[in-house]
Amino acid sequence: MNTFANQPPAHAAGGDDLPIFARANTRPVGVYVAALSGDRNLTMAGWLRIGFDAFESKAVAAAWAEFREQLHTDPALNIRRGDTLRARKLAAGQGRPLPLSTRRGPNRAEQWRYRQVLRRGLATIAELPDTTVGTAHGPHTTGGAAARALIERLSARHTADGTSALAVIRRNTVATWYDLAAAPSPTSPESLPCAAADTDGLLEAAEFVAYCAYRHHAQQRNRRFLSGWFAELHPGAEEPLLL
């Protein structure tokens with residue numbers, strides 16, 4: 001299991017620019033895009049498992065970009081194209097008031113519309129091509145420990161299957177790439193099959209999964225409306241892993 005963070009470009013070691021995965025013994029079967037959410041009592045990981053062809057073709061990234069464009073053009077919201085969608089802020093109803101509003105923040109109706117962006121996002125994720133959703137939780141587990149445990153569990157899964165896969169996981173604002181099998185693979189994010197900007201959008205989607213799954217498990221009163229969304233919209237999600 002190798003991390004790709006802060007390592008030299010793939011061509012630096014071999015002196016030639018081979019196509020991606022040309023040195024690999026097996027073609028990756030998929031890519032996990034993961035994010036963390038939770039509190040000091042519970043850390044939740046959520047991920048999208050994307051078939052490699054769908055990831056490489058950017059079909060999934062394009063579908064999420066289309067969802068973002070729908071939010072931008074929605075007259076009931078004030079979401080700009082360059083905005084980062086943060087699940088926790090949306091759940092709190094945080095966002096800009098409508099352009100003609102004289103208020104400094106959104107009114108109650110607008111807050112509810114921002115919260116509904118989470119639900120709309122979960123529904124979009126359910127329709128992404130060749131994509132499945134999974135979660136893992138660690139009671140009283142730090143984010144760092146949860147991330148390491150998740151990568152180890154996913155790596156063990158693919159080692160047992162004799163398959164190869166990649167994963168990117170974001171903690172706070174830092175995203176790190178991992179090889180989930182022992183086969184040779186690129187050694188820097190720049191040599192991966194999807195541009196960093198495309199992956200940023202998919203990490204937003206993974207955060208939606210992680211946060212809504214966290215609310216489903218936490219069952220906290222101040223976010224009761226969120227507790228059933230994940231199970232309702234993703235009944236086919238993988239069985240949650242215990243970290």
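The values are calculated or read from the model by the stated rules, or taken from the named source; none is laboratory data. In this text the structure is predicted, and so the values were computed from the model without any measurement. Neighbour counts are summed over all protein chains in view; Cβ atoms, including those assigned to glycine, are modelled from backbone coordinates with ideal geometry. For the accessible areas, the whole protein counts, side chains as well, though only heavy atoms, and no ligand, DNA or RNA atoms are used. Shrake-Rupley method; radii C 1.70, N 1.55, O 1.52, S 1.80 Å.
Remarks
- Using a simple spin-label model with pseudo-atoms 7 Å out from Cα toward Cβ, L242 and T163 lie 2.5 nm apart.
- Highest-first packing order for the peptide set 166-172, 100-106, 74-80, 27-33 is 27-33, 166-172, 74-80, 100-106, based on the mean count of other beta carbon atoms within 10 Å.
- Surface composition of segment 21-150: carbon and sulfur atoms hold 49% of the protein heavy-atom accessible area at a 1.4 Å probe.
- Dimensions (Å) - segment 58-125, Cα atoms, principal axes, largest first: 40, 20, 16
- Point-to-point label distance, S101-Q70, nm (Cα→Cβ direction, 7 Å offset): 2.2 nm
- For segment 50-148, a simple Cβ point-charge model (Lys and Arg +1, Asp and Glu -1, everything else neutral) yields a dipole of about 780 debye relative to the Cα centre.
- Selection of GluC sites (Glu not before Pro), segment 104-183, meeting DSSP coil and at most 15 other Cβ within 10 Å: E127
- Surface per residue (accessible, 1.4 Å probe) for segment 46-148, Å²: 51 Å²
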